[in-house]
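Report on the following structure.
Each value in this text was obtained by applying a stated rule to the coordinates, not by laboratory testing. Just so it is clear, the structure is predicted and the values come from calculations on it, not from any experiment. Cβ coordinates were reconstructed from backbone atoms using ideal geometry, including for glycine residues, and neighbour counts include every protein chain displayed.
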Amino acid sequence: MAQADIVTQNDSPQVAMAIPGLYRRTLATGDRMMVCEFFLERETTVPLHSHMHEQCGYVLSGNITFTIGDQAYTLLPGDSYSIPGDMPHSATAHDDTVLVEVFGPPREEFRIAR
């Protein structure tokens, strides 16, 4: 039987990612999904990329434009999105922006010691 995973704010420090201005906190992680918080500094761009993981997210604060496939979407606090696995996508933050995202299956490279 699987165990519950409780993550407090102190359990998951913010880590700088390879892209300048992009930071991640890996939150709760199960066998089939993972929750992460991302902080993007104003004018940070995540270049076009794709991965096998389905990705759903919610804009907690800020202003960000996602390009998903060939369509651009500007999202504000309270907006959410879903990106199918293997779909090319990129993002540019117009203000300091906080996102909460769920990946299925979990992204192994985002697992960190807590």
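Between SER90 and GLU41, the distance separating the two model label sites (each 7 Å from Cα on the Cα→Cβ line) works out to 2.0 nm. When the P(r) is computed for region 55-114, the part past 19 Å accounts for 33% of the Cα-Cα pairs.
Compared with the direct C-alpha span, the chain from VAL15 to HIS49 gains 10.2 nm at full extension, assuming 0.36 nm per residue.
Comparing ARG24, ARG32, ARG42 in a Gaussian network model of the chain (Cα springs below 10 Å), the most mobile by mean-square fluctuation is ARG32.
For ASP79, the residues whose amide H sits under 5 Å from its own are VAL59, ignoring neighbours fewer than 5 places away on the same chain, with H placed 1.01 Å from N.
Direction-averaged projected area, Cα convex hull, region 1-48: 4.4 nm², rounded to one decimal. The alpha carbons of the chain stretch over 42, 28, 27 Å along the principal axes, in descending order.
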